[in-house]
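Below is a structure I'd like to ask you about.
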Amino acid sequence: MKGEEPQRLRRELGVGGATMMGLGSMVGTGVFVSIGIAAGAAGPATILAIMLAALVATCNALSSAQLAAAHAVSGGTYEYGYRYLTPAFGFTAGWMFLCAKTASAATAALGFGGYLLRLVGNGEAAMPWLALGAVVLFTLLVLIGLKRSSVMNIAIVSVTLTALGAFVVLGLPTAVKGSGNFSPFFPKTDGPALHGFLYATALMFVAYTGYGRIATLGEEVKEPRKSIPRAIIVTLGVTAVLYILVSVAAIGIVGADRFAGSVAERATPLETVARALGTPLLPQLIAVGAITAMLGVLLNLIIGLSRVVLAMGRQGDASPLFARLSGDGRAPTAAVILVGVTVGALALIGSVETTWAFSAFTVLIYYAITNLAALRLPPEDRLYPRWVAIAGLIACLFLAFWVPPRIWLAGLALIGVGLIWHGLATRLRAKKEA
């Protein structure tokens, strides 16, 4: 495959569609669940952690934007690592993405099934089957092409944003009255308060990383040099404002301790806060918003994962079969089917356990490679000052090791396993070519 010019996907996505794809990836589990988890680590200082995470994400987003503008192909940082660094860096980025996001996609599907069953008042026995149904439906949708997937994504995101907008508008007045819930801003803990704050920042960073989906779809965006940076910046700005407002409202209404404690409930923490607010129909609206948010995350992850598998097929890290496109050039058929089958199998098991801590480590390593690749951009392709990528690189590596040691040790072991497999595969390819 490397000796031939690979087939290219059709450019069907404009700035608006790309922005909504980013929002569909970002406004999901992060806002409905992870803010509550972060509140358990940092208390009201979670609001500040969200802001700091947004600054780190901004550096990474600008690095992703200029890389995608200069090298607008499917695969995101997997491709940037190969082009601007070394095959080992590129493979590590792709490997981290596939490991973490496949499980995340299955978890989103299970989240959809669980929230839907809770809304209609039925038991959990059907949850894996509902999850599988959603995976099958969205896999078929992605096979049809990005244009129709984008229409579905816009509808899903619109419902989610409506629910969150209602929560903010109705909740902020009560939050302001309950301003005592913001004190003490940094909670008293047995260990250093800074540890909990930085851990919360790492967790919240994960909630911002969906903008990378825009870069992963770079090959399918019209006028990528202009459209991709605009879509990424708008997506990140809207999401940051939304996260800050939601966290202020939630913590102000029930306090950080109660908000964090609600994570263990079957409902989302925001639904628990909505019930405490006492506004009729708001809990139900938040429940519907959580359902559509899970669907948005699932749809965008199937799209993003399939594009990384496509890129791996082109590079030779996966079978050349996965580099093939449909006859009309709208979808990488084999890659989409592989992703759908894998995610569906994990969802059908019904016992997928992923943690935000593991996701935080993997995506921080992924974006550290993104920033490192951005530093290698030639001057004519650079859209932003080098210090942006340097700041992003340092922040990612620093925050990655504030998750529990068992998490980052497991992550490093996973990287090692992947690199061993990559090395063996490279040697086998070299023997065949010889």
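The values are calculated or read from the model by the stated rules, or taken from the named source; none is laboratory data. Quantities reported herein were computed from a predicted structural model and do not represent experimental measurements. Methodologically, a virtual Cβ is constructed for each residue, glycine included, from the backbone with ideal geometry; neighbour enumeration extends over all protein chains shown.
Just give me the residues in the stretch 91-127 being under 20 Å from the mean Cα position of the chain (by Cα) and either more than 24 Å from Gly304 (Cβ to Cβ) or aromatic (Phe, Trp, Tyr) (or both), in sequence order.
Passing the criteria: Phe91, Trp95, Phe97, Phe112, Tyr115.
Which residues, taken from the stretch 227-284, are among the polar types (S, T, N, Q), within 18 Å of Ala163 (Cβ to Cβ) and part of a helix (DSSP H, G or I)?
Thr239, Ser247, Ser262, Thr272, Gln284
Given the residues Gly261, Gly165, Gly255, Gly196, which is the only one that is free of Cβ contacts under 8 Å to residues at least 40 places away in the same chain, surrounded by fewer than 24 Cβ atoms within 10 Å (Cβ to Cβ) and either in contact with a helix residue (DSSP H, G or I) (Cβ under 9 Å, 6 or more places away or on another chain) or aromatic (Phe, Trp, Tyr) (or both)?
Every option except Gly165 fails the conditions.
Now for a different question. Inspect the stretch 90-109 for any residue being in a helix (DSSP H, G or I), touching a strand residue (DSSP E or B) at 6+ places or on another chain (Cβ under 9 Å), surrounded by 24 or more Cβ atoms within 10 Å (Cβ to Cβ) and in contact (Cβ under 8 Å) with a residue 60 or more places away in the chain and give the result as yes or no.
no
Return the only residue of Leu305, Leu281, Leu310 being over 14 Å from Ile156 (Cα atoms) and surrounded by fewer than 24 Cβ atoms within 10 Å (Cβ to Cβ).
Leu281
For the stretch 176-185, check the following and say yes or no: at least one residue is aliphatic (A, V, I, L, M) and in a helix (DSSP H, G or I).
yes
Select, from Leu428, Leu393, the only residue that is surrounded by 13 or more Cβ atoms within 10 Å (Cβ to Cβ) and out of contact with any strand residue (DSSP E or B) (no Cβ under 9 Å at 6 or more places or on another chain).
Unique residue meeting the criteria: Leu393.
Another question, if that's okay. Specify the residue that is modelled with the lowest pLDDT; the eligible residues are those in the stretch 32-65 that are crowded, with 24+ Cβ neighbours inside 10 Å and farther than 21 Å from Gly196 by Cβ.
Phe32
A further question follows. Would you tally the residues in the stretch 196-225 being closer than 19 Å to Leu9 by Cβ and either assigned to a helix (DSSP H, G or I) or among the acidic types (Asp, Glu) (or both)?
11
Against the condition surrounded by fewer than 24 Cβ atoms within 10 Å (Cβ to Cβ), of a type outside the set (D, E, K, R) and in contact (Cβ under 8 Å) with a residue 24 or more places away in the chain, how does Gly296 come out, does it pass?
Criteria not met by Gly296.
Still on this structure, please answer the following. Of all residues in the stretch 386-434, count the ones that are in contact (Cβ under 8 Å) with a residue 40 or more places away in the chain, closer than 21 Å to Ala54 by Cβ and among the β-branched types (Val, Ile, Thr).
So the count comes out to 2.
Same structure, new question: Determine whether Ala155 is touching a Phe, Trp or Tyr at 6+ places or on another chain (Cβ under 9 Å) and more than 19 Å from Val248 (Cβ to Cβ).
Here the answer is no, as Ala155 does not meet what is asked.
Please go through the stretch 139-162 and pick out each residue that is among the hydroxyl-bearing types (Ser, Thr, Tyr) and without any contact (Cβ under 8 Å) to a residue 40 or more places away in the chain.
Ser158
So which residues in the stretch 388-414 are among the hydrophobic types (A, V, I, L, M, F, W, C) and within 21 Å of Leu67 (Cβ to Cβ)?
Passing the criteria: Val388, Ala389, Ile390, Ala391, Leu393, Ile394, Ala395, Cys396, Leu397, Leu399, Ala400.
Further question on the same structure: When residues of the stretch 114-138 are filtered for being touching a residue at least 24 places away in the same chain (Cβ under 8 Å) and either under 22 Å from Pro283 (Cα atoms) or crowded, with 17+ Cβ neighbours inside 10 Å (or both), how many remain?
Going through the stretch 114-138 one residue at a time, the tally reaches 12.
Counting only residues that are assigned to a helix (DSSP H, G or I) and under 19 Å from Glu223 (Cβ atoms), how many does the stretch 52-75 have?
Of the residues in the stretch 52-75, 9 are assigned to a helix (DSSP H, G or I) and under 19 Å from Glu223 (Cβ atoms).
For the stretch 332-368, how many residues meet the condition of being modelled with pLDDT under 80, surrounded by 24 or more Cβ atoms within 10 Å (Cβ to Cβ) and either outside any helix (DSSP H, G or I) or touching a Cys at 6+ places or on another chain (Cβ under 8 Å) (or both)?
Looking only at that region, the number is 0.
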